[in-house]
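Here is the structure we will look at, set down as structure tokens.
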Amino acid sequence: MTGKDLATTVRLADERYRMFAEKLEDPLAYEGGHSFHFSAKDNLCSVEFQARAGSRILEGYNPPFDATAIKRLKEAGGLLIGKTNMDEFGFGSFGTNSDIGVPLNPFDTTRCCGGSSGGAGAAASVLDGHLSIGVSTGGSISCPASFCGVVGLVPTYGRVSRWGLIDYGNSLDKIGLLASSSDMIARYLPVISGPDALDPTSQVQPPLSIEGDVGSVAIPEEALAGLSDGVRKAFEEAVGRLEGMGVEVRRVAMPELRFALPAYYILATAEASTNLARYCGMRYGDIVEETDLGFNELFSQVRSKDLGNEAKRRILLGTFCRMVGLRDRYYIKALQVRKLVIQAYERQFREVDAVLTPTMPFVAPRLDEVEKMSALEAYHADFLTVPPNLAGLPHISLPCAYIDGLPAGMQLVAPHWEEGRLLSLAARWEREFQYRRPEGGA
Ligand code: GLN
């Protein structure tokens, strides 16, 4: 495809599905013989675009530097075509909490793309040969991958530098990749991986070799409670197909998983509430140059006006859980649960190569259904994606069924640093199971 054709395709796709927060507009900007094109979630910094993380409070913030993952992809010959839309600061599972608009699902535009990397899911789904950089704190790559019918990989915590990422929860945030099949991810995950002096939580690590395989999986019974009928049936069919490929399947109990969701929403909001303190109208975005107000009044005024409801809810919840007198009951307790979840996985990995569940309990909901959900119902949708994120374990979501034309995913979780075996299995899966592209295309 020539640069001009790509420019047209991107423009039309964005008109239809609204996946970009900002993109290259000038067709000439697409020229230049790049070896591939990619996009980055709007919470990653790059010199060409604003970085708003889906929030009005960052309107007008133009970062003077590239996030390490973006820099490495550019050095490998990639063209950054835009920043993808997302729930404000990563707070959400349906893409509906953005100040920049709501991305629409390419399989059915009355439905959501998932979240919080909703735009990334849509871009990977409709643009041929595209690579989307996403970020997962508690499921934001797996969820849109499942709803948009693409592959989403979240690496081990510390494998990819977080430098240049606008933090949600520092102990949970992981940069990963989405694409319409696993080969793009296998090719470019090694490029963005590796230690980085700019991010002290990035780690010296075993090299990423796309070797090993998944010969056996454990399916926790806790993961099968609360699925829609369609997803339950589709998942069991996928399990049968895996068995046909020679994968040994064990049904197990992992009771700790039931406590992962509450622990996650305590830890993630606690970290978010401190991270958001820097948005006070004096440092980033729409800076207040002159005011008669004292700091507290200014801070409250700016944040009341420019933060969305979900961000406010999370600041309140996170601050509450960290308060003196409540900290032991909530924050410290949640850390203990996190440890138990890690141990539950370690127990399984002594017996099997990966843990398998559906990715989401249902297919992409309609936008009017999302609107009717309570906050708690929305949080509950993450019960399958939160546990591996809490444990910092690599995981992949692969399309495994189409239910009335809508994609559904399965999620495989591997031990730390074993992304390679997930990608090997993905390649094998893709020889057995044909992924569909949305009919409208780009
Ligand atoms: N839906 C989860 C949340 O709202 C996860 C989002 C994410 O991974 N950024 O926190």
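To keep it simple, each residue is scored yes or no on (1) in contact with a His (Cβ under 7 Å, 6 or more places away or on another chain); (2) within 20 Å of Leu224 (Cβ to Cβ).
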{"residue": "His380", "(1), (2)": "no, yes"}
{"residue": "Leu393", "(1), (2)": "yes, yes"}
{"residue": "Gly405", "(1), (2)": "no, no"}
{"residue": "Ala408", "(1), (2)": "no, yes"}
{"residue": "Leu412", "(1), (2)": "yes, yes"}
{"residue": "Arg428", "(1), (2)": "no, no"}
{"residue": "Gly440", "(1), (2)": "no, no"}
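Which residues, taken from the range 47-71, are over 18 Å from Ile100 (Cα atoms), in a loop (DSSP other than H, G, I, E, B) and touching an Asp or Glu at 6+ places or on another chain (Cβ under 8 Å)? Result: Val47, single match.
Matching residues to (1) within 16 Å of the ligand (Cβ to nearest atom); (2) over 30 Å from Glu432 (Cβ atoms); (3) more than 22 Å from the chain's Cα centre (by Cα); (4) part of a helix (DSSP H, G or I):
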position	(1), (2), (3), (4)
Pro207	no, no, yes, no
Glu211	no, no, yes, no
Leu242	no, no, yes, yes
Arg258	no, yes, no, yes
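Could you say whether any residue in the range 193-204 is touching a Pro at 6+ places or on another chain (Cβ under 9 Å), acidic (Asp, Glu), surrounded by 18 or more Cβ atoms within 10 Å (Cβ to Cβ) and farther than 24 Å from Tyr435 by Cα? Within the range 193-204, not a single residue is touching a Pro at 6+ places or on another chain (Cβ under 9 Å), acidic (Asp, Glu), surrounded by 18 or more Cβ atoms within 10 Å (Cβ to Cβ) and farther than 24 Å from Tyr435 by Cα. Selection of first residues in the range 259-274 that are free of Cβ contacts under 8 Å to residues at least 24 places away in the same chain and of second residues that are in a helix (DSSP H, G or I) and away from the ligand (no atom under 11 Å from the Cβ), restricted to Cβ pairs under 6 Å at least 6 apart or on distinct chains, gives an empty result. Listed by first and then second residue, the pairs linking a residue in the range 7-25 that is more than 20 Å from Arg56 (Cα to Cα) to a residue that is among the acidic types (Asp, Glu), with Cβ atoms under 9 Å apart and 6 or more places separating them unless they lie on different chains, are Ala7/Glu25; Ala7/Asp26; Ala7/Glu31; Thr9/Asp128; Arg11/Glu25; Leu24/Glu48.
Filtered by the rule that a residue be of a type in the set (A, V, I, L, M), away from the ligand (no atom under 15 Å from the Cβ) and in a loop (DSSP other than H, G, I, E, B), the range 85-118 gives Ile100, Val102.
Just to be sure I understand, how many residues within the range 268-291 are of a type outside the set (Ser, Thr, Tyr), crowded, with 20+ Cβ neighbours inside 10 Å and within 16 Å of the ligand (Cβ to nearest atom)?
Going through the range 268-291 one residue at a time, the tally reaches 5.
When restricted to residues that are more than 17 Å from Glu222 (Cα to Cα) and surrounded by fewer than 24 Cβ atoms within 10 Å (Cβ to Cβ), the range 353-364 contains 1.
When the criteria are applied in full, Ile175 fails the requirement of being more than 16 Å from the ligand (Cβ to nearest atom), in contact with a helix residue (DSSP H, G or I) (Cβ under 8 Å, 6 or more places away or on another chain) and not basic (Lys, Arg). The residues of the range 416-438 that are free of Cβ contacts under 8 Å to residues at least 60 places away in the same chain and within 30 Å of Ala7 (Cα to Cα) amount to a single one, Gln434.
Condition check ((1) within 14 Å of the ligand (Cβ to nearest atom); (2) surrounded by fewer than 23 Cβ atoms within 10 Å (Cβ to Cβ)) across all residues:
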{"site": "Asn296", "(1), (2)": "no, yes"}
{"site": "Asp306", "(1), (2)": "no, yes"}
{"site": "Asn309", "(1), (2)": "yes, yes"}
{"site": "Tyr330", "(1), (2)": "no, yes"}
{"site": "Leu340", "(1), (2)": "no, yes"}
{"site": "Glu351", "(1), (2)": "no, yes"}
{"site": "Leu367", "(1), (2)": "no, yes"}
{"site": "Val386", "(1), (2)": "yes, no"}
{"site": "Pro394", "(1), (2)": "no, no"}
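Among what's in the range 119-172 and is assigned to a helix (DSSP H, G or I) and under 8 Å from the mean Cα position of the chain (by Cα), pick the residue that is nearest to the ligand (Cβ to nearest atom). So that I can check it myself, show each step before the final result.
Step one: filter the range 119-172 for residues assigned to a helix (DSSP H, G or I), giving 119-126, 142-148.
When the remaining residues are screened for being under 8 Å from the mean Cα position of the chain (by Cα), the result is 142-144.
On the way: Ser142: 9, Cys143: 7, Pro144: 10 Å.
Filtering the range 119-172 for residues that are assigned to a helix (DSSP H, G or I) and under 8 Å from the mean Cα position of the chain (by Cα), the one nearest to the ligand (Cβ to nearest atom) comes out as Cys143.
Restrict the check to the range 24-44 and report whether at least one residue is buried (at least 18 other Cβ atoms within 10 Å of the Cβ), of a type in the set (S, T, N, Q) and assigned to a loop (DSSP other than H, G, I, E, B). Checked against the condition, which is being buried (at least 18 other Cβ atoms within 10 Å of the Cβ), of a type in the set (S, T, N, Q) and assigned to a loop (DSSP other than H, G, I, E, B), the range 24-44 yields at least one hit.
Each value in this text was obtained by applying a stated rule to the coordinates, not by laboratory testing. Only a predicted model underlies this, so the values are computations on that prediction, with no experimental measurement involved. Counting neighbours? That spans all protein chains shown, and the Cβs are built from the backbone with ideal geometry, glycine included.
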